[in-house]
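Read the structure below first, then the notes.
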Amino acid sequence: EVQLVESGGGLVQPGRSLKLSCVASGFTFSNYGMNWIRQAPGKGLEWVAYISSGSSYIYYAETVKGRFTISRDNAKNTLYLQMTSLRSEDTALYYCARGNYGSPFDYWGQGVMVTVSS
Amino acid sequence: NIVLTQSPATLSVTPGESVSLSCRASQSISTSIHWYQQKSNESPRLLIKYASQSISGIPSRFSGSGSGTDFTLSINRVESEDFSIYYCQQSYSSLFTFGSGTKLEIK
């Protein structure tokens, strides 16, 4: 069974940093691209970042480019999102989701909440 | 960026009715569109991929159609468990985008 479990969320002040993790199981993690997608409270879905299976290709949404960094450790079956210079508008539930480039997001985690507030 | 416009924003129906949800892309995206269902307080679930391809485990009452810029998600005879929010998403460009969603509610 495919499982994606996010962690690392919490309350953080504007301008500070936070690092999210997503541990994958039930599939060969190193064969798949991975994504971060977020959802602000009461709002729709926003794709945040993509990383290819071998980390060669990385893409970001314009809203986070230059502030967020996606990475992965295939030996640990773990996906990361380093978030810096956080803003109130980054407050959201952050999901990790499996999906190769050009493919749908076929499995999602349960999400981890990030709240940016003073 | 490719903008996806979903309509209507809210659709009120009676269980047993059949419905069609629309997703329009700001430029041609072939069939690189996928549909997701999100129930309250749950993670999204993939319903249809590449405009019309079915997903294992998804009821057959869900179907998709379209290509280019206009896409449709159809639900044949809506059941009570189908009342939720539906999103389309494009994977044509490297900046993946979602539509704003259609909320299917009980009339």
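What residue, of A:GLY66, A:GLY33, is small (Gly, Ala, Ser), exposed (fewer than 15 other Cβ atoms within 10 Å of the Cβ) and either farther than 24 Å from B:THR102 by Cβ or in contact (Cβ under 8 Å) with a residue 40 or more places away in the chain (or both)?
A:GLY66
Can you name the residue in the stretch B:49-107 that is outside any loop (DSSP other than H, G, I, E, B) and touching a helix residue (DSSP H, G or I) at 6+ places or on another chain (Cβ under 9 Å) and, of all such residues, is surrounded by the fewest Cβ atoms within 10 Å (Cβ to Cβ)?
Among those residues, the one meeting the criterion is B:ILE106.
Condition check: within 14 Å of chain B (Cβ to nearest Cβ), under 28 Å from B:GLN53 (Cα atoms) and part of a strand (DSSP E or B). Does A:TYR59 satisfy that?
Numbers: within 14 Å of chain B (Cβ to nearest Cβ): yes; under 28 Å from B:GLN53 (Cα atoms): yes; part of a strand (DSSP E or B): yes.
Yes: the conditions hold for A:TYR59.
Restricting to the stretch B:36-48, give me the number of residues that are part of a strand (DSSP E or B) and within 11 Å of another protein chain (Cβ to nearest Cβ). Spell out the reasoning first.
Of the residues in the stretch B:36-48, the ones part of a strand (DSSP E or B) are B:36-38, B:45-48.
Imposing the further condition that a residue be within 11 Å of another protein chain (Cβ to nearest Cβ) reduces the set to B:36, B:38, B:45-48.
Adding up the residues that qualify gives 6.
Take the stretch A:10-47 and flag every residue that is within 14 Å of another protein chain (Cβ to nearest Cβ), under 18 Å from A:THR115 (Cβ atoms), among the hydrophobic types (A, V, I, L, M, F, W, C) and within 11 Å of the chain's Cα centre (by Cα).
Within the stretch A:10-47, A:TRP36, A:ILE37 meet the criteria.
Out of all the residues in the stretch B:22-35, which are part of a strand (DSSP E or B), crowded, with 19+ Cβ neighbours inside 10 Å and more than 8 Å from the chain's Cα centre (by Cα)?
B:ALA25, B:ILE33
Being outside any loop (DSSP other than H, G, I, E, B) and exposed (fewer than 14 other Cβ atoms within 10 Å of the Cβ) is the requirement here; does A:GLU89 meet it?
yes
Based on what the data block shows, is A:GLY99 loosely packed, with under 15 Cβ neighbours inside 10 Å and either in contact (Cβ under 8 Å) with a residue 24 or more places away in the chain or closer than 12 Å to A:ASN35 by Cα (or both)?
It is false that A:GLY99 is loosely packed, with under 15 Cβ neighbours inside 10 Å and either in contact (Cβ under 8 Å) with a residue 24 or more places away in the chain or closer than 12 Å to A:ASN35 by Cα (or both).
Give me the residue from the stretch A:102-118 that is hydrophobic (A, V, I, L, M, F, W, C) and within 13 Å of another protein chain (Cβ to nearest Cβ) and, out of that set, surrounded by the most Cβ atoms within 10 Å (Cβ to Cβ).
Among them, the one singled out is A:PHE105.
What are the pairs, 6+ residues apart or on separate chains, where a residue within the stretch B:60-72 that is farther than 17 Å from B:ARG24 by Cα has its Cβ under 7 Å from a residue that is surrounded by fewer than 17 Cβ atoms within 10 Å (Cβ to Cβ)?
B:ARG61/B:ASN76; B:ARG61/B:ARG77
Coordinate-derived values only; no laboratory data. Source: prediction; values computed, not measured. All Cβ positions, glycine included, derive from the backbone under ideal geometry; neighbour counts span all protein chains shown.
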